[in-house]
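J.: Here it is: the structure, laid out below.
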Ligand code: PEP
Ligand code: MG
């Protein structure tokens, strides 16, 4: 016969903390505390297996349960010294849910169960406190009526309000025993009227009804939504905990409260929490009365003494228990307690939620205290939580007026004046104004505006749209795909959340949450020393994967190093031509209709390009730098409108019509699959030649300069589909190197490698590796081309795919390990079969995603490369991936 019930209490328990799957978090920890000899009211947990059986059997309980529940109740009666349903000395119980993962407030609870007309009278006589007894009874009818019988909570509240009005009373605490007794009659009449049956007086019937209600609440709308949001499987089910009641509301020597064993905001090693004298647990949560602090120094109001001074013995005992629990669980705990007539009872303990700053401090402190080792401390920190630490963030205490939501494309927060063009952004920024660039979407010519802006908002585009990628690289907070922001460029305003925001109005962008807020919200600067630095140091000692950054500007490269990047894994050279002056030369080059025209334009670009590399190599000081040769989706570079066409014509010294004609000729129906990547190098080799020359000359210049270190050069060819294509371009680079050697007497060491961004490239990795010294997976394009989903257009429908479970997460954010992942594994294997020392990396956006990093560790990659601001997250995730693999 299955065991459905697990007893605890009286210094022993059948369960333990290790049995969370079966007993739920609450039940497992109650058992654990009982075994530790802590004062836990006796009770039993009905297992999650029963929940599964209940639903499998059309919501009915197995016959074998009845005898087990009877015996569970006998166990509580014996330990508590009272009898269930006994009028002289009644046992009251609480019935609470408790699933494997905490789902706060999502499921139902019934307190004070076991009260009826007779036991309420018995409780009054036994405690000598009729007021308490009838208050408890009316609370029970109200809760049971609502949760189990389905009579609206507000109907009971209305009756209570009317009773108080009639008596001229404001506070519940002013109700007398007789007042409560009168109200109870009204409550019972309400139940009779609504159900056509009396309120159940049979305590057994009450117990089974409550158990059933808690199991039913596993499937209520709130719980279903919560599970979807937090990815909790329905199959887990909930347990039910039935436990002897203890009362924090039996007088002034009673109390109830919650405590964190350390401060959950700062991580300070001091107990932190709140309590209420003469109250039941739900009063603290409901916020009807303002709770008081546990510790004196935290007091705002001296008229409300801290637990420390109001109940010093209880406070001391709570402190001891809190230390014990922390030592036992080796983690900060979130505790619920009740004091009944001067005796402390523990009702719950669980790992406490905390801010990233607190998480780091607690982990570092616990290592110093000898509670944790470094590896456990590193495993404890949620990598994504570091995000909070790396960008200026909004003051969490400031009020927020949300105008609209969008995709949290680049984290951090900034406030400024709204502008609708990059030119305006640059003008105002030059005058020292903070601006927010608001565009339907951005393109390369917005780069200067994006740079000038404090944050970027686009109404269209996804997590890997131009705006998102560039903003992340720049460390600008950014929201994309804010579909509810209706931009009217002509009118110079946008409408959102019922408001119309014009140019010059101030908004705040919270790129971490994807919230667009009215007005300016104050921010807090990041702190990267102390516990943060300590933990990152430990992570670096553990991890095997190297972490590089995607960066092309000196500012990005400097940020990347500040955050601990060990090189540049992707320098997107096309991003280096977005400057107003350069883009014209770039356009001239693209639009030239003969080799000579192109060479003239390239000659203008060469010195600029060389200077860029000099600065980059200087900053990276001998670390590896992977430079990707030009990969422009051409449409991003074509001039828009007459004015821009005129600019290019003037610069090239040709007729406007000629340029306009070339623009028309070069327009592509599908630029993402068009004349981009190495296809440009194949058809116009002079472009890649210019770039290779700029790279080599810059490397020579830096190596020669005072204190200059030779850069570890990696030249990367984008978007290849096979070995032959790469061989042609490698020969081209080697040819330039040979010329440089002739001209300069030497050429710096370099490697030629390629990006793997197309399914065909992954499949033909063996051939490709013959010419490539390294592969870097371009998972943005590889995802786009494997799924056949445009990375710029996925936002509008991807949510439906995630909601319906086709993807666990947006595959442009977290790698589709099943599909794209299989191509990566295949390419790694075939590549290394062909070249054993092939270096493997990844530089798509997934390089900064912890779940994807675990996958890359398993594939045996050498490094990941991500936005500078995700480098610390990647360092930590890489350490955790290594620990998990061990
Ligand atoms: C990629 O495709 O993953 C990549 C890194 O290149 P880009 O985003 O520049 O296309
Ligand atoms: Mg790409």
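The values are calculated or read from the model by the stated rules, or taken from the named source; none is laboratory data. The structure presented is a predicted model; accordingly, all values stated were derived computationally and were not measured. Note: ideal-geometry Cβ built from the backbone for every residue, glycine included; neighbour counts use all protein chains shown.
J.: State which residue is nearest to ligand 1 (Cβ to nearest atom) when the search covers only the stretch 754-781 and only residues that are buried (at least 24 other Cβ atoms within 10 Å of the Cβ) and assigned to a loop (DSSP other than H, G, I, E, B).
T.: Here the answer is 778.
J.: Also, quick follow-up: On the given criteria, is residue 725 modelled with pLDDT of 95 or more, away from ligand 2 (no atom under 16 Å from the Cβ) and either touching a strand residue (DSSP E or B) at 6+ places or on another chain (Cβ under 9 Å) or part of a helix (DSSP H, G or I) (or both)?
T.: Spelling it out, it is not the case that residue 725 is modelled with pLDDT of 95 or more, away from ligand 2 (no atom under 16 Å from the Cβ) and either touching a strand residue (DSSP E or B) at 6+ places or on another chain (Cβ under 9 Å) or part of a helix (DSSP H, G or I) (or both).
J.: Shifting gears a bit: With the checklist (1) crowded, with 20+ Cβ neighbours inside 10 Å; (2) within 16 Å of ligand 2 (Cβ to nearest atom) in hand, flag the one item residue 696 doesn't pass.
T.: Against the list (1) crowded, with 20+ Cβ neighbours inside 10 Å; (2) within 16 Å of ligand 2 (Cβ to nearest atom), residue 696 comes up short only on (2).
J.: Select, from 16, 83, 60, the only residue that is without any contact (Cβ under 8 Å) to a residue 24 or more places away in the chain, within 26 Å of residue 351 (Cα to Cα) and touching a helix residue (DSSP H, G or I) at 6+ places or on another chain (Cβ under 9 Å). Before you say what the answer is, go through the steps one by one.
T.: Numbers: 83 fails: within 26 Å of residue 351 (Cα to Cα); 60 fails: within 26 Å of residue 351 (Cα to Cα).
After applying the criteria, what remains is 16.
J.: Output the residue which, of all residues in the stretch 617-631 that are within 32 Å of the chain's Cα centre (by Cα) and either surrounded by fewer than 24 Cβ atoms within 10 Å (Cβ to Cβ) or closer than 12 Å to residue 710 by Cβ (or both), is farthest from ligand 1 (Cβ to nearest atom).
T.: 619
Residue by residue, here is whether (1) within 11 Å of ligand 1 (Cβ to nearest atom); (2) in contact with a strand residue (DSSP E or B) (Cβ under 6 Å, 6 or more places away or on another chain); (3) not in a helix (DSSP H, G or I) holds:
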residue: 791; (1), (2), (3): yes, no, yes
residue: 797; (1), (2), (3): no, no, no
residue: 800; (1), (2), (3): no, no, no
residue: 805; (1), (2), (3): no, no, yes
residue: 808; (1), (2), (3): no, no, yes
residue: 811; (1), (2), (3): no, no, yes
residue: 816; (1), (2), (3): no, no, yes
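J.: Related question: Give the residues of the stretch 181-198 that are over 46 Å from the mean Cα position of the chain (by Cα) and within 30 Å of residue 67 (Cβ to Cβ), sorted by residue number.
T.: 197, 198
J.: Considering only the stretch 587-626, state which residues are modelled with pLDDT under 95 and not in a helix (DSSP H, G or I).
T.: If the condition is that a residue be modelled with pLDDT under 95 and not in a helix (DSSP H, G or I), then 592, 593, 594, 621, 622 are the ones that fit.
J.: In addition: Answer with yes or no whether residue 815 is within 15 Å of ligand 2 (Cβ to nearest atom), surrounded by 15 or more Cβ atoms within 10 Å (Cβ to Cβ) and at pLDDT 95 or above.
T.: Working: within 15 Å of ligand 2 (Cβ to nearest atom): yes; surrounded by 15 or more Cβ atoms within 10 Å (Cβ to Cβ): yes; at pLDDT 95 or above: yes.
When the stated conditions are applied, residue 815 passes them.
J.: Whether any residue in the stretch 411-422 is touching a strand residue (DSSP E or B) at 6+ places or on another chain (Cβ under 6 Å) and under 20 Å from residue 552 (Cβ atoms) is what I want to check.
T.: No, the stretch 411-422 contains no residue that is touching a strand residue (DSSP E or B) at 6+ places or on another chain (Cβ under 6 Å) and under 20 Å from residue 552 (Cβ atoms).
J.: So which residues in the stretch 730-758 are away from ligand 2 (no atom under 16 Å from the Cβ) and touching a strand residue (DSSP E or B) at 6+ places or on another chain (Cβ under 9 Å)?
T.: Listed by number, the residues that qualify are 730, 733, 734, 737, 748, 749, 750, 751, 752.
J.: On to the next question. Only one of (1) within 14 Å of ligand 1 (Cβ to nearest atom); (2) on the phi > 0 side of the Ramachandran plot fails for residue 498. Which number is that?
T.: The single condition residue 498 does not satisfy is (1).
J.: Still on this structure, please answer the following. Would you confirm, using the coordinates I've provided, whether residue 827 is within 16 Å of ligand 1 (Cβ to nearest atom), crowded, with 22+ Cβ neighbours inside 10 Å and modelled with pLDDT under 95? Full working, then the answer.
T.: Details: within 16 Å of ligand 1 (Cβ to nearest atom): yes; crowded, with 22+ Cβ neighbours inside 10 Å: yes; modelled with pLDDT under 95: no.
The answer is no for residue 827.
J.: Tell me the residue from 703, 737, 710 that is in a helix (DSSP H, G or I), away from ligand 1 (no atom under 16 Å from the Cβ) and at pLDDT below 95, please.
T.: 703
J.: While we're on this one: From the residues in the stretch 715-726 that are within 15 Å of ligand 1 (Cβ to nearest atom) and surrounded by fewer than 24 Cβ atoms within 10 Å (Cβ to Cβ), which one is nearest to residue 769 (Cα to Cα)? Break it down stepwise before answering.
T.: Going through the stretch 715-726, the residues within 15 Å of ligand 1 (Cβ to nearest atom) turn out to be 716-721.
Add one more test, that the residue is surrounded by fewer than 24 Cβ atoms within 10 Å (Cβ to Cβ), and what stays is 719, 721.
Values: 719: 14, 721: 12 Å.
Looking at residues that are within 15 Å of ligand 1 (Cβ to nearest atom) and surrounded by fewer than 24 Cβ atoms within 10 Å (Cβ to Cβ), I get 721.
J.: Given the conditions (1) surrounded by 17 or more Cβ atoms within 10 Å (Cβ to Cβ); (2) within 16 Å of ligand 2 (Cβ to nearest atom), and given that residue 798 satisfies all but one, which numbered condition is not satisfied?
T.: Failing condition for residue 798: (2).
J.: May I pose another question? Restricting to the stretch 123-138, name every residue that is surrounded by fewer than 21 Cβ atoms within 10 Å (Cβ to Cβ) and either without any contact (Cβ under 8 Å) to a residue 60 or more places away in the chain or closer than 20 Å to residue 242 by Cα (or both).
T.: 124, 125, 126, 128, 130, 131
J.: When the stretch 145-179 is examined, which residues are found to be within 23 Å of residue 96 (Cβ to Cβ) and outside any helix (DSSP H, G or I)?
T.: The answer is 148, 149, 150, 151, 152.
J.: Moving on to the next point. Please name all residue pairs, on different chains or six or more residues apart, with Cβ atoms under 6 Å, provided the first residue is in the stretch 598-625 and is under 23 Å from residue 753 (Cα atoms) and the second residue is in a loop (DSSP other than H, G, I, E, B) and modelled with pLDDT of 95 or more.
T.: 623/567; 624/567
J.: Can you tell me which condition residue 850 does not meet? The list is (1) within 21 Å of the chain's Cα centre (by Cα); (2) within 14 Å of ligand 1 (Cβ to nearest atom), and all the others hold.
T.: (2)
J.: Just one of the numbered conditions (1) in contact with a helix residue (DSSP H, G or I) (Cβ under 9 Å, 6 or more places away or on another chain); (2) more than 26 Å from residue 730 (Cβ to Cβ); (3) at pLDDT 85 or above is not true of residue 643; which one?
T.: Status for residue 643: all satisfied but (1).
J.: Going through 127, 109 one at a time, which residue ends up being closer than 28 Å to residue 34 by Cα, in contact with a strand residue (DSSP E or B) (Cβ under 8 Å, 6 or more places away or on another chain) and at pLDDT below 95?
T.: Matching residue, one of 127, 109: 109.
J.: Looking only at residues in the stretch 534-556 that are at pLDDT below 95 and assigned to a helix (DSSP H, G or I), which one is farthest from residue 383 (Cα to Cα)?
T.: The extreme case among them is 554.
J.: Now for a different question. Please go through the stretch 830-847 and pick out each residue that is within 16 Å of ligand 1 (Cβ to nearest atom) and buried (at least 24 other Cβ atoms within 10 Å of the Cβ).
T.: 841, 842, 843, 844, 845, 846, 847
J.: While we're looking at this one, here's another question. Could you name every one of the strands (runs of 3 or more DSSP E) located completely within the stretch 413-530 that has at least 2 residues being within 23 Å of residue 396 (Cα to Cα) and modelled with pLDDT of 90 or more?
T.: Output list reads 413-419, 435-439, 455-458, 478-480, 506-510, 515-518.
J.: Go through 422, 459, 410 for me and flag whichever is touching a residue at least 12 places away in the same chain (Cβ under 8 Å), surrounded by fewer than 22 Cβ atoms within 10 Å (Cβ to Cβ) and away from ligand 2 (no atom under 16 Å from the Cβ).
T.: Just a single option satisfies the conditions, and that option is 459.
J.: While we're here: With the condition kept exactly as written, say whether any residue in the stretch 87-97 is at pLDDT 95 or above, assigned to a helix (DSSP H, G or I) and in contact with a helix residue (DSSP H, G or I) (Cβ under 7 Å, 6 or more places away or on another chain).
T.: Checked the stretch 87-97: no residue is at pLDDT 95 or above, assigned to a helix (DSSP H, G or I) and in contact with a helix residue (DSSP H, G or I) (Cβ under 7 Å, 6 or more places away or on another chain).
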